[in-house]
1. May I ask you to say which residue of Val103, Val78, Val98 is touching a Gly at 6+ places or on another chain (Cβ under 9 Å) and either outside the structural domain of Leu27 (by TED's automatic domain parsing) or touching a residue at least 12 places away in the same chain (Cβ under 8 Å) (or both)?
2. Within the bounds of the stretch 61-70, is there any residue that is exposed (fewer than 14 other Cβ atoms within 10 Å of the Cβ), in contact with a Cys (Cβ under 8 Å, 6 or more places away or on another chain), within 25 Å of Val7 (Cβ to Cβ) and without any contact (Cβ under 8 Å) to a residue 12 or more places away in the chain?
3. Would you mind finding the one in Val83, Val78 that is under 27 Å from Thr101 (Cβ atoms) and surrounded by 15 or more Cβ atoms within 10 Å (Cβ to Cβ)?
4. Which of the residues belonging to the stretch 19-37 are surrounded by 15 or more Cβ atoms within 10 Å (Cβ to Cβ) and in a helix (DSSP H, G or I)?
5. Looking at (1) of a type outside the set (D, E, K, R); (2) out of contact with any Asp or Glu (no Cβ under 7 Å at 6 or more places or on another chain); (3) outside any loop (DSSP other than H, G, I, E, B); (4) closer than 30 Å to Gly120 by Cα, can you tell me which one Leu63 breaks?
Amino acid sequence: MKKSSFVALLLGTVSGVLFALGMCMALLPEWNAFQEGVIFGGIGLVLGVITVLVWCKMENKKLPKLSGKNLFRVIYAVVAVLVLGTGMCLCLVWQQFVWGTLVGLLGIVMLIALIPMIKGIQ
């Protein structure tokens, strides 16, 4: 594993955990930690942006261009993650296991479809 990939893996994991923990803190009323959650989530987002910048610098690559194609991919990825999360909520929160499993599988298939969408098929 290259050093740049390892650094990106570590920073990305830490930023993802901070963001997820922050969202849980902010959105679960039982935790009673809305302000702290927003702070943790914001730190996670900032660290995620820093991760991308550091990785690009270490790989001597330019930042991806903001084109309509890339914007569509980002929107599609966000929708796919939300579909997967909705399936998880259906199973874990509302105990609707059949629908939750179906919606979760749809989200997984949507996320897998990102690979050929980004890399292409040869």
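1. Going through Val103, Val78, Val98 in turn, the sole match is Val103.
2. So far as the stretch 61-70 goes, yes, one or more of its residues are exposed (fewer than 14 other Cβ atoms within 10 Å of the Cβ), in contact with a Cys (Cβ under 8 Å, 6 or more places away or on another chain), within 25 Å of Val7 (Cβ to Cβ) and without any contact (Cβ under 8 Å) to a residue 12 or more places away in the chain.
3. Answer to the selection: Val83.
4. Residues satisfying the conditions are Phe19, Leu21, Gly22, Met23, Met25, Ala26, Gly37.
5. (3)
The values are calculated or read from the model by the stated rules, or taken from the named source; none is laboratory data. Being a predicted model, the structure only gives us computed values, none of them experimental. FYI the Cβ positions are ideal-geometry reconstructions off the backbone, even for glycines, and counts take in every protein chain you see.
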